[in-house]
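Everything below concerns the one structure shown next.
The values are calculated or read from the model by the stated rules, or taken from the named source; none is laboratory data. It should be emphasised that the depicted structure is a prediction, and the values quoted were computed from it without experimental measurement. Neighbour counts run over all protein chains shown; Cβ positions are idealised from the backbone, glycine included. Surface accessibility is based on the protein's heavy atoms, side chains included, excluding ligands, DNA and RNA. Shrake-Rupley method; radii C 1.70, N 1.55, O 1.52, S 1.80 Å.
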Amino acid sequence: MMRSIVLTAVLAMAGWSANPLQAQEVTTFTLDNGMDVVVIEDHRAPVVVHMVWYRIGSADEPVGASGVAHFLEHLLFKATDTLESGEFSATVAANGGTDNAFTSYDYTAYFQRVAADRLPLMMQMESDRMNNLRLTEADIETERQVILEERNQRTENRPGALAREQIRAAQYLNHRYGVPIIGWKHEMEDLSLEDAVDFYDLYYSPNNAILVVAGDVQPDEVFTLAEQYYGVIPAEPELPERLRPEEPPQRAARRLVFEDPRVSQDYVTRSYLAPERDSGAQETAAALVYLSEILGGSSFTSVLSVKLTFDSEIALFSGAGYDADSLDDTTFLLSVVPAEGVSLQQAEDAMDAALAEFLEEGIDPAQLERIRTQLRASEVYALDSIDGIARRYGSALTQGLTVQDVQDWPDILQAVTADDIMTAARDLFDLDQSVTAWVVSDRQELTQ
């Protein structure tokens, strides 16, 4: 039954006019089997994006079976009771559409972008593979080699990716965010048919899924189709509560040196544990978004660039990064690539000095307002993509946020003050909550 009537999100900032780019009509309801449905109307083109999001990602995997969430994502394109292996994507393409899937720490999602009148066919096929996947040992052997090759290309052959794995493993001692999404290679090599089927049978159920439909549709139409195709799938009675190992208090700074002869330029990077967006309490995350932009968002005007590149010629490059979208504690990253003749120790010391000066000096008001305008513009531009809109809601809902949280986010970003940012920065920059890594081509050069 319908749980909420149309919710309208209007990005009503000062000087903005209300037009279709600044408003989203969102309707939500829940099927009797527990599947949540979100409908986002966008009637500018006869196109629809159909997505199914599962509240299961790599951080929810059983210990010893890392990579099974991503592995199963690949396997869902195999045969079902009614479709041959590969027929799903071939049918989407034959109907003029595109499809794909992706896995993160917190979710696995499948999507198709098609003409609006093809929505029933997409629901028919997606609901079929939610309940009727038919895997064989041959599927396992073939697709295991595919994901191992993917790891080779994206991780094993990229020293930066290998370094990031080690940094995350050092940052998260107990939480599964310390395990790579694609999996540890030695565990991927042992993933079995039983691993995949057990994961599928338990977690690929309507009461663990969110259907997001965005585009040229009517909510009543989507409700009828969802009832027809998804509503007949029984809920999983044994679906466990989503509990994860908690990270113990970090009581000391952690350091590592990562050596790989393929590193083309040595650099220093630091990762801090940081709060994520929480439902009804997104203000600190919003402040950290600004902090990331202030410190490292521009190669010309950010604090680290000005202090380390233009004022002192310490760094060739410096940056900062923060991802607010996470179910559990996330990270805030800093990085510095030293200039020729500058050691990593000198670069790290200069970075720490720049942070200390920033905490003492505070924020340039002109820079703050420039970033505020940029964030406001990015929120408007984001509404131009129905794919992006659908992803925004799907990822948020699988990570503990609500529709209202998504709609409140632009206003919360605009309300951030300099005091909010400085408070967040002082709480964040605690070395006992950090991991500092030197990424080098030859560690022997560090002692010369």
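Taking a ≥ b ≥ c as the square roots of the eigenvalues of the Cα gyration tensor, the stretch 369-446 is prolate, since a/c reaches 1.5 or more and a/b is larger than b/c. Per residue, the chain exposes 44 Å² of accessible surface when a 1.4 Å probe is rolled over the protein heavy atoms with every protein chain present.
Contact order for the chain, expressed relative to its length and based on alpha carbon pairs under 8 Å spaced 6+ residues apart, stands at 21 percent. Helical runs (DSSP H, four residues minimum) scored at -39500 (n - 2.57) apiece and divided by the length of the chain put the mean residue ellipticity at 222 nm at -11500 deg cm²/dmol.
Calculate the tail of P(r) for the stretch 171-232: the fraction of all Cα-Cα distances greater than 18 Å, expressed in %. Of all Cα-Cα distances in the stretch 171-232, 62 percent exceed 18 Å.
Any idea what the relative contact order of the stretch 119-254 is, in percent, if you count C-alpha pairs under 8 Å spaced at least 6 apart?
Numbers: 77 pairs, mean separation 48.0, N = 136.
Relative contact order for the stretch 119-254 comes out at 35 percent.
Extending 7 Å from Cα along the Cβ direction at ARG154 and again at ALA366 yields two label points whose distance is 4.2 nm.
Surface composition of the chain: carbon and sulfur make up 51 percent of the accessible area, probe 1.4 Å.
How much length is gained on full extension from VAL63 to LYS185, taking 0.36 nm per residue of separation minus their Cα-Cα distance? Provide the component values of the computation, followed by the final result.
Values: separation 122, 0.36 × 122 = 43.92 nm, distance 1.40 nm.
Result for the pair: 42.5 nm of gain on full extension.
With a ≥ b ≥ c the root eigenvalues of the C-alpha gyration tensor of the stretch 246-344, is it rounded (a/c under 1.5), prolate (a/b larger than b/c) or oblate? Note, shape of the stretch 246-344 comes out oblate. Can you tell me the FRET efficiency between SER279 and GLN444 if r is taken as the Cβ-Cβ distance and R0 is 51 Å, rounded to the nearest 0.05? After rounding to 0.05, the efficiency reads 0.55.
Cα centroids of the stretch 337-361 and the stretch 49-91: 45 Å apart. Which residue, GLN24, GLN433, GLN265, has the most motion in a Gaussian network model of the chain that connects Cα atoms within less than 10 Å? Most flexible of the set in this elastic network: GLN265. Once the Cα-Cα distance is subtracted from the 0.36 nm per residue extended length, the LEU431 to GLN404 segment shows a gain of 6.2 nm.
In this simple spin-label approximation, ASP260 and ASP387 carry label points 7 Å from Cα along the Cα→Cβ vector, and these lie 2.8 nm apart.
Say each of ASP198 and SER312 gets a label point 7 Å from the Cα, pointing the same way as Cα to Cβ; how far apart are those two points in nm? Placing both labels 7 Å along Cα→Cβ, they lie 5.2 nm apart. Cα centroid separation, the stretch 219-279 to the stretch 374-411: 18 Å.
Once you sort the root eigenvalues of the Cα gyration tensor of the stretch 135-177 as a ≥ b ≥ c, which label holds: rounded (a/c under 1.5), prolate (a/b larger than b/c) or oblate (the other case)?
Details: a/c = 6.13, a/b = 1.74, b/c = 3.52.
Cα axes put the stretch 135-177 in the oblate bin.
Distance distribution note for the stretch 77-213: the fraction of Cα pairs above 26 angstrom is 34%. Mean separation of Cα pairs under 8 Å and 6 or more residues apart, divided by the residue count, gives the stretch 269-315 a relative contact order of 17 percent.
For ALA252 and SER343, what is the calculated FRET efficiency with R₀ set at 41 Å and r taken between the beta-carbons, to the nearest 0.05?
Numbers: r = 24 Å, r/R0 = 0.58.
In this case the efficiency is close to 0.95.
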